[in-house]
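To start, the structure under review is shown below, and the notes come after it.
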Amino acid sequence: GSGASDMKGGVAAMVEALDTEIGRLLAAVDPAKTHVIFMGDNGTPGDVTTPPFDPDHAKLTVHEGGVGVPLIVRSPLVAIPGSESGAFVHAVDLFATVTDLAGVLVGDVTSAPVDGQSLLPYLGDPARPGARATLYVERLAPNGPGPYFIDARALREARFKLVRTLQSGTYVDALYDLSGGPVEGDDLLAAGPLSPDAQEAYDRLASELPCLVNLQPSG
């Protein structure tokens, strides 16, 4: 309807305005002395998601449309401007990256465990192999220790992604093949018998996921 079109047009206008203002900011600072890290936040809202992405797999989910966001760095440390890295990175890496830029050890800033890893090695060598073989994300609501009325976790590797969601007190799994890009497509578990590659990946991811977090139904 016209309401949805108006909303999509409004979001497009906001993105264009953001692009313009970020451009003005970058033009105003000395690129030889300034590090700029630009990162999106939690994907695109479902009501303004456009094909081929699924609006049910958008913002506020652990699907790719809700967790795969832009991350752009302009820095004198970038060896090849315009290059891309295929390494798995996470928002938690920004803290370790900024302390690394400042020449400060993370241990000198906090004694708490830090999951993040500095991204500086990828700026110098975008072809450097990623330090992570898998990437974990979760969405729990409300904030705090629970019980949660939303409980969703996901663990992905280069090709396959496992999504585990609490539904009516039971965890339900879905498996996606990302070999074609960030559009997840159909749930392989619901589509029929898995291929040998998919079965091997599912067994591996399903075994590793509980080791990362205490998966206990929380109501």
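From helices alone, the chain scores -9500 deg cm²/dmol at 222 nm; the rule is -39500 (n - 2.57) for each run of n ≥ 4 DSSP H residues, then divide by the residue total.
For the chain, carbon and sulfur atoms together expose 57% of the accessible surface, with a 1.4 angstrom probe and every protein chain in place.
Two decimals is fine: what's Rg over Rh for the stretch 26-86, C-alpha atoms, Kirkwood radius as Rh? Before the final figure, lay out each step's value.
Working: Rg = 15.3 Å, Rh = 13.5 Å.
Here the Rg-to-Rh quotient is 1.13.
Between the entries [x] 55, 20, 16; [y] 31, 24, 18; [z] 47, 25, 10, the label attached to semi-axes √(5λ) of the Cα gyration tensor in Å calculated for this structure is [y].
Once you list every other residue whose beta carbon is under 15 Å from the beta carbon of residue 84, what net charge do they have if Lys and Arg are +1 and Asp and Glu are -1?
Working: positive: 74, 128; negative: 125.
That sum, taken over residues with Cβ under 15 Å, equals +1.
In this view, the solvent-accessible surface of residue 7, computed with a 1.4 Å probe and all protein chains in place, comes to about 90 Å².
Let me know the Kirkwood hydrodynamic radius for the stretch 78-118, please, with Cα pairs as the basis and the value in Å to one decimal. The partial results should precede the final answer.
Details: mean 1/r = 0.0872 Å⁻¹.
When all Cα pairs of the stretch 78-118 are included, the Kirkwood radius is 11.5 Å.
When both the stretch 174-216 and the stretch 8-54 are represented by their alpha-carbon centers, they are found 31 Å apart.
When each of the peptides 152-162, 183-193 is scored by the mean number of other C-beta atoms lying within 10 Å of its residues, the order from highest to lowest reads 152-162, 183-193.
Determine the relative contact order of the chain: mean sequence separation of Cα pairs under 8 Å and six or more apart, normalised by residue count, in whole percent. Write out the running numbers ahead of the final one.
On the way: 305 pairs, mean separation 30.5, N = 219.
Relative CO of the chain lands at 14 percent.
Over the chain, accessible surface divided per residue gives 60 Å², non-protein components excluded, 1.4 Å probe.
Put 208, 16 in order of accessible area, largest first, 1.4 Å probe: what do you get? Display every interim value, and only then the final one.
Numbers: 208 60, 16 125 Å².
Descending accessible area places them as 16, 208.
Each other residue within a Cβ distance under 15 Å of residue 55 adds +1 if Lys or Arg and -1 if Asp or Glu, for a net charge of -3.
The values are calculated or read from the model by the stated rules, or taken from the named source; none is laboratory data. Because the structure is predicted, anything quoted here is derived from the model rather than measured. Using ideal geometry, Cβ is built from the backbone for each residue, glycine included, and neighbour counts are taken over all protein chains shown. The area values use the complete protein model at the heavy-atom level, side chains included, leaving out ligands, DNA and RNA. Shrake-Rupley method; radii C 1.70, N 1.55, O 1.52, S 1.80 Å.
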